[in-house]
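**Q** Attaching a single structure in structure tokens format; questions to follow.
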Amino acid sequence: MQNESERQELRRKIKEAVAAQNASAAVQHGRSLLAASSKPSDVVFCASAFTSIDDSLTNQLRAKRLKTYIVRSITIEPILPFLTTESVLSNYVLDLHVGGYGSYVDEMLNPQSALAKFNPDLIFVLLNLEDIAGRLPDLCADGIGDSVDAEIEEALARTAQLLRSFRSGNSARILFQGCLVPDLTSLGDIGEANMPRSLTNALHRLNQKLAALCNTISDCVFFDVDHLAARHGRAHWRDNRMFLASRLPVAANVFSLFARGLVRSYSTLFRAPRKVLCTDLDNTLWGGVLGEEGPEGIATGSAFPGNCFLDYQKYLRQLSSRGILLAIVSKNNEADVREAFQTRAADLGLTLDNFVATKINWNEKSSSLRELAEELSLGLDSFVFVDDSPVECEAVRQQLPEIAVIEVPHQEPWRLVDLLSAQSFFDAAVVTDDDVNRLNEYKAQAQRTELANSAGSRDEFLASLDIVCTFVSALDAPLARSVQLLAKTNQFNLTTRRHSASEVQQFASSRGGQAVAIRVRDRFGDAGVVGLALARNLGDSCIIDSLLLSCRVIGRGIETALLAHLAENAIKTGARYLRGEFIPTKKNAPCADFYPDHGFVRGPAREASPESLFYQLDLTAAALTSPRWLTLEGNEPNELSASAVVTS
Amino acid sequence: MNRMSSQQVPSSLRDILADILEISPEEVTPETGVGTIENWDSFRHLQAILAIEGEYGVQFDPSRIAELTTVSLIQAELAAKGAAL
């Protein structure tokens, strides 16, 4: 640190905060001290301060507390204070336990090991190349060795066995560190680069395979230490003196980088990435002020400095393609902005269609952001806000502290993309099809909300959505989707029975049995198969075993349509009564009154299932009808080929 | 025999050791060492050595590191390396 008195002042403030058990002040001053000083003594000082207020960190800042076990064949102890401080700065408190040096096989495989008994939330597996693929350096020495590939496969198989066996008996999340590519070898730089079986090339292949392996193991993330080393400089990453003397894996002056890399990796196992990036326009998405310079005057396109902004636009488009939602929050005239996107389309990397929603007006940005959160039904803690104005940034930081704020570097637009990619808030170890499709789904959601705000009555609003419900057999939903709905639906799920595929098939094939799925679309989009009901006849009654609906479509009368559909089929099969059951869980309160709301009468409790509430409806006395704003399609008795009724 | 005082240890060295060993700077005297401070185990020792190397821009010979078991021995080794204390 430049200024010793400033350093002492921060240390004094940290001590005060610790004495007062003021977690937020301790972290704030700790962050300042560590940002300015990389002295190990300051790190140990902060680690010890943080550790002494660990309960306050979890209680006051809701830091995530993780029992963490380090399986290792390296010396990790001097790095632990760095791991502690970096974790606290990311709002984790690690209760660390370090395993025996090199006893990782027993620890991971023996059900009576110290590791198994520790019952960790998280384990780090930090092994040396010698442990993972010790023969590779020799086998690769000539750059053409034909046993290299076999050794890679063997190393992979050993690691797979280690991780899979561990996983079969333990649910702790796993961080597995890959191999570090040595900087210097006997083959030399040219040989390493050009020969297919050089150590460098072999280790790159091994690391790729190890990463793919980690991907197949649940809750396991691959920590690419080699990438980190390459970014910061391989030549300085390891101090051979200390590696050979003490098995210290990294040089003392990169302890904090190494610890930060570990934290960033394991974070993806515990924290969902943020979902929305809200960008300002003037001097952020493009250079200059649109209102002053007009659409032709703003800087964007292939020439400097417009290409700085074009880079940022492309970066946003890349985020969007893996499911990060983009929104505009800008103080501008909306018509001007639309004109700019039109006339400068050739110079812009984005169109307005790339944005899930826009708030282009003269309102406070914090209220625009609040509205966006509401319209998208997303928490503010999943938002990132990018703006060039320090005043706007500070206002958002103060009023909406959950939002991550990125201030565009003043007069240095070329730094914006680097600044953004250095952040961990969009980190994810996997991207699913659902993520990729998120933009369309949320666009539809935002439009529905906007319509709800403008439409008068609820019925009018629902009618304006043009909702179409299509009934299909649960076997053709397809069946895998039906089973997934049974497994995942919690809120609107009357009995929460997690039936298997074969059980669903039994409902479909039994006499008087029903296995109905419902598919829903409206003028904004197709929500897909979102509901399911299973029923079978018993005597004069049709018994509803399961009825559930994805929470995305609750409140539009679709549940009523599903019930009415069951009733209609029940009457056709000669049933007089429709009987329902509600089993309360921690999560399904939203459907607690479903049966009474539809005219069902509460029946007597049963000893065999004391939790359940039973209801019945006399089908000869009351008629169930679907809400009139729904258009119904399809007519599945199960014998009817459902493919005929699935709408395009 | 007079007890040695922390005043006899250069303040920069004293402060580093106090931080790493989690003791107060006054407790760091020339004769403080592996045997006198409970916290001073082999890992704190390695940590202290690394911190001291970083602070003074020196590198100790690994085979000597284990022998630097008291403050005065560390101080002497630093002086031999020409570190400005």
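**Q** What whole number of Å gives the distance from the Cα centroid of the range A:350-364 to the Cα centroid of the range A:472-520?
**A** 40 Å
**Q** With a 1.4 Å probe on protein heavy atoms only, tell me which residues of the range A:25-48 lose at least 20 Å² of accessible surface in the complex relative to the chain by itself.
**A** A:Lys39, A:Pro40, A:Ser41, A:Val44, A:Ser48
**Q** Then there is this: Might you work out the accessible area of A:Glu568 for me, using a 1.4 Å probe with all protein chains in place, and round it to the nearest 10 Å²?
**A** The accessible area of A:Glu568 comes to roughly 100 Å².
**Q** Evaluate the charge dipole of chain B about its Cα centre and quote only its size in Debye, nearest 20, assuming +1 on the Cβ of each Lys and Arg and -1 on the Cβ of each Asp and Glu.
**A** Its charge dipole is roughly 220 debye.
**Q** Related question: Using only the Cα atoms of the range A:1-127, what are the Rg and Dmax in Å?
**A** Looking at the range A:1-127, its Cα Rg and Dmax stand at 16.3, 53 Å.
**Q** While we're on this one: Would you kindly compute the Cα radius of gyration of the range B:6-80 and its largest Cα-Cα separation (Dmax), both in Å?
**A** Rg and Dmax of the range B:6-80, Cα atoms, are 10.9, 30 Å.
**Q** With every protein chain in place, what's the accessible area of A:Arg158 (1.4 Å probe, Å², nearest 10)?
**A** 100 Å²
**Q** Evaluated at 20 °C with a viscosity of 1.002 mPa s, what Stokes-Einstein diffusion coefficient in µm²/s does the protein assembly as shown have when Rh comes from the Kirkwood expression over alpha-carbon pairs?
**A** 70 µm²/s
**Q** Compute the distribution of all C-alpha to C-alpha distances in the range A:63-267, in bins of 10 Å from 0, and list the percent of pairs in each, rounded to whole numbers.
**A** Cα pair-distance distribution for the range A:63-267, in percent: 9, 35, 37, 16, 3, 0.
**Q** With r as the distance between the Cβ atoms of A:Ala592 and A:Asp618 and R0 = 25 Å, compute the FRET efficiency 1/(1 + (r/R0)^6) and round to 0.05.
**A** 0.70
**Q** I've got another one for you. Mind giving me the nanometre distance, one decimal, between the label points for A:Glu334 and A:Val417, set 7 Å out from Cα along Cα→Cβ?
**A** With each label point 7 Å from Cα toward Cβ, the separation is 3.2 nm.
**Q** Stretched out fully, how many nm does the piece from A:Asn240 to A:Lys314 gain, at 0.36 nm a residue minus the Cα gap?
**A** 22.5 nm
**Q** Which of the aspartates and glutamates could a cross-linker span from B:Lys81 if the Cα-Cα distance has to be under 14 Å and same-chain partners fewer than 8 positions apart are dropped?
**A** Candidates past the 8-residue exclusion: B:Glu53, B:Glu55, B:Asp61.
**Q** Calculate how steeply helix A:4-19 sits against the longest principal axis of the alpha-carbon atoms of chain A, using the helix alpha-carbon long axis, and give the answer as 0 to 90 degrees to the nearest 10.
**A** 40 degrees
**Q** Can you give the accessible area of A:Phe594 in Å² (nearest 10), computed on protein heavy atoms with a 1.4 Å probe?
**A** Accessible surface of A:Phe594 is approximately 10 Å².
**Q** Also, quick follow-up: When only C-alpha pairs under 8 Å and at least 6 residues apart count, what is the relative contact order of chain A, in percent?
**A** Across chain A, relative contact order equals 8 percent.
**Q** Note every residue of the range B:37-57 with a reduction of at least 50 square angstrom in accessible area, all protein chains present versus the isolated chain, computed with a 1.4 Å probe, or write none.
**A** Listed by number, the residues meeting the 50 Å² cut-off are B:Phe43, B:Leu46, B:Gln47, B:Leu50.
**Q** Heavy atoms only, probe 1.4 Å: what % of the accessible area of chain A goes to carbon and sulfur, would you let me know?
**A** Its accessible area is 49 percent carbon and sulfur atoms.
**Q** Ok, one more. Report the dimensions of the range A:276-438 along its three principal axes from the alpha-carbon atoms, largest first, rounded to Å.
**A** Over the range A:276-438, Cα extents along the principal axes are 38, 31, 27 Å.
**Q** Which part of the range A:528-552 falls in the paramagnetic zone of A:Thr585, meaning amide N under 19 Å from the point 7 Å along Cα-to-beta-carbon?
**A** A:530-535, A:544-552
**Q** Here's something else I'd like to know. Rank these residues by their accessible area, most exposed first, probe 1.4 Å: A:Lys587, A:Lys209, A:Lys365.
**A** Solvent-accessible surface, decreasing: A:Lys587, A:Lys209, A:Lys365.
**Q** Would you work out the relative contact order for the range B:6-80, in percent, from Cα pairs under 8 angstrom that are 6 or more residues apart?
**A** 32 percent
**Q** When the solvent-accessible surface of protein heavy atoms is calculated with a 1.4 angstrom probe, in what order do A:His232, A:His598 fall, highest first?
**A** Heavy-atom accessible area, descending, gives A:His232, A:His598.
**Q** What span do the alpha-carbon atoms of the range B:44-85 cover on each of the three principal axes, reported in whole Å from largest to smallest?
**A** In descending order, the Cα extents are 23, 17, 17 Å.
**Q** Taking a ≥ b ≥ c as the square roots of the Cα gyration tensor eigenvalues, with a/c under 1.5 meaning rounded and otherwise prolate when a/b beats b/c, else oblate, which class fits the range A:465-644?
**A** rounded
**Q** Counting alpha carbon pairs within less than 8 Å and at least 6 residues apart, what relative contact order, in whole percent, applies to the range A:465-644?
**A** 27 percent
**Q** Return one whole number: the accessible area per residue of the protein assembly as shown in Å², for a 1.4 Å probe.
**A** Computed with neighbouring chains in place, this is 46 Å² per residue.
**Q** Now for a different question. Can you give the helix-only mean residue ellipticity at 222 nm for chain A, where every DSSP H stretch with n ≥ 4 adds -39500 (n - 2.57) and the sum goes over all residues, rounded to the nearest 500 deg cm²/dmol?
**A** Here the helix-only value at 222 nm equals -13000 deg cm²/dmol.
**Q** What are the residues of the range A:60-101 that lose 20 Å² or more of accessible area, with a 1.4 Å probe, going from their chain alone to all protein chains?
**A** A:Glu77, A:Pro78
**Q** If you don't mind, there's one more thing I want to ask. Tally Lys/Arg at +1 and Asp/Glu at -1 over every other residue whose Cβ is under 14 Å from the Cβ of A:Arg271; what's the total?
**A** After counting each charged neighbour, the total is +2.
**Q** Order B:Glu22, B:Glu38, most accessible first, counting only protein heavy atoms with a 1.4 angstrom probe.
**A** Descending order: B:Glu38, B:Glu22.
**Q** Also: Just add up the charged neighbours of A:Leu184: K/R +1, D/E -1, any other residue whose Cβ is under 15 Å from the Cβ of A:Leu184.
**A** In short, -2.
**Q** Nearest 100 Å², what total accessible surface is buried between chain A and chain B (probe 1.4 Å)?
**A** Adding both sides of the contact gives about 1400 Å².
The values are calculated or read from the model by the stated rules, or taken from the named source; none is laboratory data. All figures in this text were calculated on a predicted structure; none of them were measured in a lab. So basically every Cβ, Gly included, is an ideal-geometry build from the backbone, and we count neighbours across all protein chains shown. Remember, those area values only see protein heavy atoms, side chains included, never the ligands or the DNA or RNA. Shrake-Rupley method; radii C 1.70, N 1.55, O 1.52, S 1.80 Å.
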